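The values are calculated or read from the model by the stated rules, or taken from the named source; none is laboratory data. Quick caveat, the model's predicted, so the values are computed rather than measured. Note that each Cβ is placed from the backbone with ideal geometry, even for glycine, and that neighbours are counted across all protein chains shown.
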């Protein structure tokens with residue numbers, strides 16, 4: 001089988017970790033076997049923002065940008081809103097052309113691999129970007145929740161991509177009740193019939209793998225769906241795959257179960273470690289399994305990979321519950337700065353992509369590019385200027401309990417004190433543009449004037465039940 005191939009790969013996981021020991025101490029036991037810790041999204045992170053992080057890295061790895069893409073696929077079991085096209089938001093964040101094809105894959109943990117398989121086997125719309133991002137949630141006292149992590153992976157696919165699909169297969173068999181999310185609920189459930197669950201998972205995946213024309217002796221790694229740290233090895237054993245091949249790709253032990261992103265991010269890790277022939281197998285309860293083998297053309301270099309999946313910030317179980325909104329009172333009634341949806345839309349180039357304006361009268365750089373010029377105070381028509389993603393802290397403060405504007409009270413209830421700074425964003429020719437912004441991923445009181453930070457996109461707040469995404473900054477990371 002030949003066709004389009006992968007040219008660039010990106011991966012992302014939140015920086016915060018919750019240890020199995022913390023959860024076990026709280027509940028008296030930890031039910032998610034084989035998991036040492038899970039990745040925990042910040043209060044202002046969701047599957048869209050994590051997908052954006054992975055997508056930016058994939059585009060950089062492929063040495064391209066959103067404007068060059070013809071299609072975008074976004075896969076998740078937990079879209080931030082139940083009924084809205086989140087691919088449009090991701091397209092706007094990455095500055096895709098209006099003509100790009102957009103596709104959402106959801107409703108199954110195999111959605112991530114399904115989206116990648118469609119781009120590599122079925123689609124002719126290239127260059128393409130495939131993004132898988134997920135953060136499962138369950139009832140607090142069950143194994144689904146205790147295994148639940150978070151992360152995202154992204155792949156740039158083009159006609160001359162060096163890593164292509166060599167074989168692809170699916171297998172379906174009715175196994176109801178192994179994993180499901182009822183309509184209107186944000187909690188994934190399972191009937192917890194252990195033997196039945198294991199049979200559904202292992203027999204379905206091994207049957208899909210058996211349909212592939214592949215010699216397991218030539219594999220460098222196997223990226224297999226990981227609801228916990230044990231099931232991928234059970235399924236691999238049933239398919240005759242050595243445990244070391246699964247371990248070469250596994251992310252579940254330190255990130256947890258990341259649902260539709262489980263196989264894509266394991267594939268990304270395998271490629272980052274130098275694997276050139278990889279088996280990928282995903283499972284969706286119901287049940288359907290999808291399997292494929294991918295290999296790098298021996299005459300080509302392997303796809304470039306940029307991963308940011310390590311984490312060094314630990315959280316207590318109590319803070320974890322607060323961070324995900326389990327023990328907070330929610331948003332206050334009334335108050336807050338109101339910005340209408342149409343007004344917010346007009347500012348998306350600034351909020352999503354740091355588009356500034358150059359004053360034609362005095363050449364001062366203005367951000368945002370609206371109102372009178374900060375340099376000459378004239379009302380002018382600004383010339384668009386793209387700012388860099390890096391900035392320098394000029395002033396910094398900490399917003400403590402009771403000090404947050406009403407629209408940020410819920411965020412503060414989840415995260416505690418947070419950092420706000422005036423940052424000078426780098427522009428062309430040594431110019432800068434200053435703006436106040438939240439700085440995430442930093443402990444209050446540790447950020448200092450002169451520190452370097454970088455742009456990211458997070459949830460800003462929810463207004464009229466619509467999530468508003470926009471600009472925030474974080475301490476500069478060395479992976480971009």
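Would you call residue 161 in contact with a strand residue (DSSP E or B) (Cβ under 8 Å, 6 or more places away or on another chain), under 19 Å from residue 261 (Cα atoms) and in contact (Cβ under 8 Å) with a residue 24 or more places away in the chain?
No: the conditions fail for residue 161.
State the number of residues belonging to the range 455-474 that are outside any loop (DSSP other than H, G, I, E, B) and surrounded by fewer than 16 Cβ atoms within 10 Å (Cβ to Cβ).
Total meeting the criteria: 3.
Testing residue 477 on (1) closer than 13 Å to residue 389 by Cα; (2) at pLDDT below 95; (3) outside any loop (DSSP other than H, G, I, E, B), one condition comes back false. Which one is that?
(3)
List the helices (runs of 4 or more DSSP H) inside the range 236-310, counting only whole elements, that have at least 3 residues being more than 30 Å from residue 196 (Cβ to Cβ), out of contact with any helix residue (DSSP H, G or I) (no Cβ under 6 Å at 6 or more places or on another chain) and touching a residue at least 40 places away in the same chain (Cβ under 8 Å).
Per the criteria, 262-272.
Can residue 436 be described as at pLDDT 90 or above and in contact with a helix residue (DSSP H, G or I) (Cβ under 8 Å, 6 or more places away or on another chain)?
Taking the combined requirement at face value, the residue does not satisfy it.
Please tell me if residue 183 is assigned by TED's automatic domain parsing to the domain that holds residue 247, out of contact with any helix residue (DSSP H, G or I) (no Cβ under 8 Å at 6 or more places or on another chain), loosely packed, with under 14 Cβ neighbours inside 10 Å and not in a strand (DSSP E or B).
So residue 183 fits the description; yes.
When the range 187-233 is examined, which residues are found to be under 22 Å from residue 277 (Cα atoms) and in a loop (DSSP other than H, G, I, E, B)?
211, 212, 213, 214, 215, 219, 220, 225, 226
Of the conditions (1) over 22 Å from the mean Cα position of the chain (by Cα); (2) modelled with pLDDT of 90 or more; (3) under 23 Å from residue 408 (Cβ atoms), residue 463 clears all except one; give me its number.
(2)
Mind telling me which of the residues 84, 64 ends up being over 15 Å from the mean Cα position of the chain (by Cα) and free of Cβ contacts under 8 Å to residues at least 40 places away in the same chain?
Result of the check over 84, 64: 84.
Only one residue in 167, 215 is surrounded by fewer than 20 Cβ atoms within 10 Å (Cβ to Cβ), closer than 27 Å to residue 8 by Cα and in contact with a strand residue (DSSP E or B) (Cβ under 6 Å, 6 or more places away or on another chain). Which one?
167
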